[in-house]
Amino acid sequence: MEKKPLIVESIYDVPTEKVWNALTDNSEIKKWYFQLQDFKPKVGFKFDFLGGPDEGPQFLHLCEITQIEEGKKIAYTWKYDNYPGNSEITWELFEAGDKTRLTLTHIGLESFAENGKDFSKESFKGGWNYFLNDALKKYLEPVD
């Protein structure tokens, strides 16, 4: 697997503060992302959660926050319990007038290559596209 980062972008018709809260407030995270027991947006904070394909196995994700730039950027490691590999996800927010552009960059996916199809770059691409362009968009911009 090549060492290119996976980059997914989306634009939301809401201010950056609203997107930032959706990414960093655990009560909001639970409404569109994963069910985290606890989450604090500070460097060094560790969190974990179960997730995987609806019809497939669930994997314990182990994460640790590596960067915080209040209102603009959050990054954390992303690995799996009992599986080789380690990666990092960075969420960056950019003001676009009265809208927000979110760029998600996932690096290190090649480190999961030996773990099977659920860890392929295509699988991650599908997952991140769902979270940014479906789940988060519907949460931030509900249709009346």
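On the given criteria, is ASN26 out of contact with any helix residue (DSSP H, G or I) (no Cβ under 9 Å at 6 or more places or on another chain), more than 15 Å from TRP128 (Cα to Cα) and either of a type in the set (Lys, Arg) or modelled with pLDDT of 95 or more (or both)? Judged against the criteria, ASN26 is a match. Restricting attention to the stretch 30-70, the residues being among the aromatic types (Phe, Trp, Tyr) and either in a strand (DSSP E or B) or surrounded by fewer than 12 Cβ atoms within 10 Å (Cβ to Cβ) (or both) number 3.
Sort out which residues of the stretch 37-65 are modelled with pLDDT of 95 or more and aliphatic (A, V, I, L, M), and write them in order of number. Once the filter is applied, which keeps residues that are modelled with pLDDT of 95 or more and aliphatic (A, V, I, L, M), the stretch 37-65 yields VAL43, LEU60, LEU62, ILE65. Quick check: anything in the stretch 98-121 out of contact with any strand residue (DSSP E or B) (no Cβ under 8 Å at 6 or more places or on another chain) and among the hydroxyl-bearing types (Ser, Thr, Tyr)? Yes, the stretch 98-121 contains at least one residue that is out of contact with any strand residue (DSSP E or B) (no Cβ under 8 Å at 6 or more places or on another chain) and among the hydroxyl-bearing types (Ser, Thr, Tyr).
Evaluated against (1) among the small types (Gly, Ala, Ser); (2) part of a strand (DSSP E or B); (3) farther than 24 Å from LYS137 by Cβ, GLY85 falls short on exactly one condition, (2). Residue-level analysis places LYS99 outside the set of residues that are among the basic types (Lys, Arg), modelled with pLDDT of 95 or more and crowded, with 16+ Cβ neighbours inside 10 Å. If you go through the stretch 15-29 and keep only what is among the aliphatic types (A, V, I, L, M) and either surrounded by fewer than 14 Cβ atoms within 10 Å (Cβ to Cβ) or closer than 19 Å to LEU62 by Cα (or both), you end up with LEU23, ILE29.
The values are calculated or read from the model by the stated rules, or taken from the named source; none is laboratory data. Please read these numbers as outputs of a predicted model, since none were measured by experiment. No Cβ is skipped: glycine too gets one built from the backbone with ideal geometry, and neighbour counts run over all protein chains shown.
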